[in-house]
Amino acid sequence: MTSKFALGVIGVCLLIFSTMAKAQDSQYYGSSSKVFNVMSYGAVADDKTDNSQAFLKAWNDACQWKGRSKVLIPKGTYVLNSLTFQGPCKGSTTILIKGVLKAPTDPSLFNPNTWIGFLYVSGLVVKGGGYLDGQGASAWPYNDCSKNSHCMSLPATMRFDFVTNSEIHHVKSINSKNTHFNLFACNNINMTYLSISAPANSPNTDGIKIGKSTNIKISRTIIQTGDDCISMVSGSRNIDISDVTCGPGHGISIGSLGKSPGEFVEGINVRNVTFIETQNGVRIKTWAPSLSSVASNIFFSDIHMQNVNNPIFIDQQYCPHTTCSSGKPSSQVEIKNVKFRRIWGTSSSKVAISLKCSALVPCKNVELEDINLAYHGHHGSGSATSSCSNVIGVSHGTQFPPNCIN
C-alpha cells in the first residue's frame, strides 16, 4: 500500500515538473514549433522559375514566429536570384535544404557580394543534405582582376554577416562563382559535415573565408577548390579547424595580412588535416611591402601531406600582382608564437619547409616538432630540404628535412 502511494506521489510530481518545464519552454521559444514550406508560398521546383520571392516570404514568416521555426525546401531543383535573409528573428530558425538550389547564369543578375545571404541572425541552423549550385562556369571568365582593375565582382555562394550562435552542417556546395561560404563579423559558428567542390582551375573559389569573426569551429569537412580551402583574414580570432580533407586547392591560409593598418589574426588551431596535391599546405602570407599588423598564437598539428607543393610555408614576400617590386621594403607584419607539430608525408617540391620571414620584423617563437617530409616530385624522390630567413625559434624531435632555424 505504501509502495503504491509513493509511486502515485512520484507520478504526480513528475507530471507537475513536466508541465512546468513545458511552460518554461513555451515561454522561451513561444507557443510551439512550426514548419514553413516554400511550396506553400508559391515556389516551383522546375529548374527555371525564379523562386526568390517565395523563399523570402517563407523566411519572413518563419523569422516572425515566436518559437522554433523551420523553412522547408523539399526535394527538387529551385532557381534563385540573389537574396538576403535578414533578422533579427523572434525565435530560432532552421533552413532545411533537401533540394538543389541553383544560382543565376545571366551576368546582369550577379550580385557583387552575395548569392544567398544571412544578416543579423542568431540561433540559425542551415542543414538538410541538399546542394547549393553556384553555376560558377558562367562567371569564371569574368574573373580577370589580376590584370583588370575594373573587373566584375562575383558573389559568394552563401554569406553570413553578423550571424551568431549558429550551425551549418550537412550541406553540399558546388561550383561557386567566388567563395563558397563567407563569414564576416560572426561569433560562435559551428560548421561540420560540409562538402565543398569546384574545379582546380576555377579562380578564387575559396571553400570557407573568415574575417572579423571569433569562435568559429570547422570539422569533418571535405574541400576541393580552385583557391584556399580555408582562408582566415584580418580579425579572425579563436578559429578551430579539425578533421578536414583539402585538395585540390591552395591549402589552409592565414592572410594575406598587412594591406591595411592594424590587421590581426590570432588563436588559430589546425589539427588532424589531410592535404592532397594542394599548392600549399599550412601557410601564413603577408604583403610586402605592408603596414604594421600581427599574426600570433597559431598551432598546426597532426597533419598529413600528400604531394603538396609547399607543405609548410611562411611567405612574408607575398605579392601576386605584376605591379609588385622585389626592391620595395619588407613586410611590417609581426608573426609570433607559431608551432608546427607532427607533420608528415610528401612534398612535390624539393623545398618542403619554407619560412621566408621579414627582415624588418623577424618571426619570433617559431617551433618545429616531429616533422617528417620527403620529396616526391617530377624529378624523382628522395630527401627534401628546408629554407629559412629571419626566423627566431626552436626545433624538437624528428626533423626531416633538417631544420633551418638558427
Unmet criterion (only one of (1) out of contact with any Asp or Glu (no Cβ under 9 Å at 6 or more places or on another chain); (2) farther than 27 Å from residue 287 by Cα; (3) modelled with pLDDT of 95 or more) for residue 398: (1)
Given (1) modelled with pLDDT of 95 or more; (2) in contact with a Pro (Cβ under 7 Å, 6 or more places away or on another chain), number of the condition residue 366 does not satisfy: (2)
Pick from the stretch 346-371, criterion among the basic types (Lys, Arg) and within 18 Å of residue 310 (Cβ to Cβ), ranking: surrounded by the fewest Cβ atoms within 10 Å (Cβ to Cβ): 350
Residue 109 aliphatic (A, V, I, L, M) and touching a Lys or Arg at 6+ places or on another chain (Cβ under 6 Å): no
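Could you tell me whether the stretch 266-289 includes any residue that is assigned to a loop (DSSP other than H, G, I, E, B) and farther than 27 Å from residue 174 by Cα? Please lay out each step first, then the result.
As a first pass, look at the stretch 266-289 and keep what is assigned to a loop (DSSP other than H, G, I, E, B): 277-279, 288-289.
Now narrow it down to the ones that are farther than 27 Å from residue 174 by Cα: 288-289.
For the stretch 266-289, residues assigned to a loop (DSSP other than H, G, I, E, B) and farther than 27 Å from residue 174 by Cα: present.
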Set 168, 222, 216: member being in contact with an Asp or Glu (Cβ under 9 Å, 6 or more places away or on another chain), among the hydrophobic types (A, V, I, L, M, F, W, C) and free of Cβ contacts under 8 Å to residues at least 60 places away in the same chain: 216
Residues that are within 24 Å of the chain's Cα centre (by Cα) and buried (at least 20 other Cβ atoms within 10 Å of the Cβ), drawn from the stretch 81-93: 85, 92, 93
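Test residue 309 against the stated conditions and say whether it is at pLDDT 95 or above and crowded, with 18+ Cβ neighbours inside 10 Å.
Values: at pLDDT 95 or above: yes; crowded, with 18+ Cβ neighbours inside 10 Å: yes.
So residue 309 passes the test.
The values are calculated or read from the model by the stated rules, or taken from the named source; none is laboratory data. Computed from a predicted structure; not experimentally measured. Backbone-built Cβ (ideal geometry, glycine too); neighbour counts: all protein chains shown.
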